[in-house]
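Okay, structure first, notes after.
The values are calculated or read from the model by the stated rules, or taken from the named source; none is laboratory data. On a predicted model such as this, the values are computed, not experimentally measured, just so you know. Counting neighbours? That spans all protein chains shown, and the Cβs are built from the backbone with ideal geometry, glycine included. Ligands, DNA and RNA are stripped out before the accessible areas are found, and what is left, the full protein with its side chains, is counted by its heavy atoms. Shrake-Rupley method; radii C 1.70, N 1.55, O 1.52, S 1.80 Å.
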Amino acid sequence: MSPYTRILIIADLEGSSGCWSYTASAFLTDEWCQACLEMSRDLNRVVSALFDAGVKTITIKDFHRSGYNMFPELIDSRAALISGYRRGPIFGIGNPQDAEAVMFLGMHAASGSDGFLAHTLTSRIARLEVNHRLLAEIELFAASLAPWKIRPIFFSGCPVACKQAAAVIENINCFPIDKSRGPENFDSSTWRSALAQAAVKSLANHKTIPYEPAGPFNATLTMREGKAAAARLARRWKFEQAGAQIRIQAPICSNCIWN
Ligand SMILES: [Zn+2]
């Protein structure tokens, strides 16, 4: 089978090479500006390598906080950058165009795990379990792209995030970023080149299939701010609540929502 030529990239900041603290992931701090710069360089290196390898179209979706974290002028202009969020057809992402495969860059581990700046969607959620397993964002993204038959082929983030991705997406190619030794001991240029090479290699990954988890789904969310915050949400959305926890049950498979 020939390598994929139409790629969607979901890009986050926490697992990129310039984000070394919570402050750097926050909005409008000096550290955040530096992190955005390095994230843009990560993306540029990957995107250029993919185009050099024969990829025809690349769409990058910025998925950190506001959705505006990249310097477009630093990124290969052949790629299309989508900033901000879209209501549909895929919630948050918008139109995946004709992408065949998706790559996840700069990702982080799930809420409730010990990865680098681990969270799922928001740090207000201390822990999120679905069917008694921690839910990482890759599952949400990959499942929402499945009705378009888009295959999750590549993932990069901290080692814990990579482990979580590999546990749910069979055969996905993972490339870790190890931040345990601090930014002063991290060679971003070397890491970035290896990241780009690994991404290119994943273009031949035809083993992964669209991620379509079967229901029913039983989700338990623990709010970091405790019982009062959980009660507010539960009242607003008519969820079941017990202490700091909210429970949501969905008896149907994910694709039934779309079909
Ligand atoms: Zn983020």
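Observations on the structure shown:
- Residue match in region 117-138 (condition: open to solvent by 20 Å² or more (accessible area, probe 1.4 Å), more than 24 Å from PHE27 (Cα to Cα), among the polar types (S, T, N, Q) and touching a residue at least 24 places away in the same chain (Cβ under 8 Å)): yes
- Yes/no for SER25 being within 16 Å of the ligand (Cβ to nearest atom), under 16 Å from ALA196 (Cα atoms), surrounded by 16 or more Cβ atoms within 10 Å (Cβ to Cβ) and among the hydroxyl-bearing types (Ser, Thr, Tyr): no
- If you go through region 159-216 and keep only what is crowded, with 17+ Cβ neighbours inside 10 Å, under 30 Å from ARG247 (Cβ atoms) and free of Cβ contacts under 8 Å to residues at least 60 places away in the same chain, you end up with VAL160, CYS162, GLN164, VAL168, ILE169, ILE172.
- Considering (1) without any contact (Cβ under 8 Å) to a residue 40 or more places away in the chain; (2) in contact with a Gly (Cβ under 6 Å, 6 or more places away or on another chain); (3) open to solvent by 10 Å² or more (accessible area, probe 1.4 Å), the lone condition that GLY84 does not fulfil carries the number (3).
- Residue pairs meeting the criteria (Cβ under 9 Å; at least 6 apart or on separate chains; first among the aromatic types (Phe, Trp, Tyr) and within 12 Å of the ligand (Cβ to nearest atom), in region 98-110; second part of a strand (DSSP E or B) and open to solvent by less than 10 Å² (accessible area, probe 1.4 Å)): PHE104/ILE9; PHE104/ILE10; PHE104/ALA11; PHE104/PRO152; PHE104/PHE154; PHE104/PHE155; PHE104/SER156; PHE104/GLY157
- Restricting region 44-66 to residues that are in contact with a strand residue (DSSP E or B) (Cβ under 9 Å, 6 or more places away or on another chain) and within 16 Å of the ligand (Cβ to nearest atom), the residue that is farthest from LEU28 (Cα to Cα): ILE60
- Counting only residues that are more than 30 Å from ALA244 (Cα to Cα), in contact with a helix residue (DSSP H, G or I) (Cβ under 9 Å, 6 or more places away or on another chain), away from the ligand (no atom under 15 Å from the Cβ) and assigned to a loop (DSSP other than H, G, I, E, B), region 67-94 holds 6 of them.
- Consider region 111-139 and keep the residues that are outside any strand (DSSP E or B) and away from the ligand (no atom under 13 Å from the Cβ). The one that is nearest to TYR4 (Cα to Cα) is GLU139.
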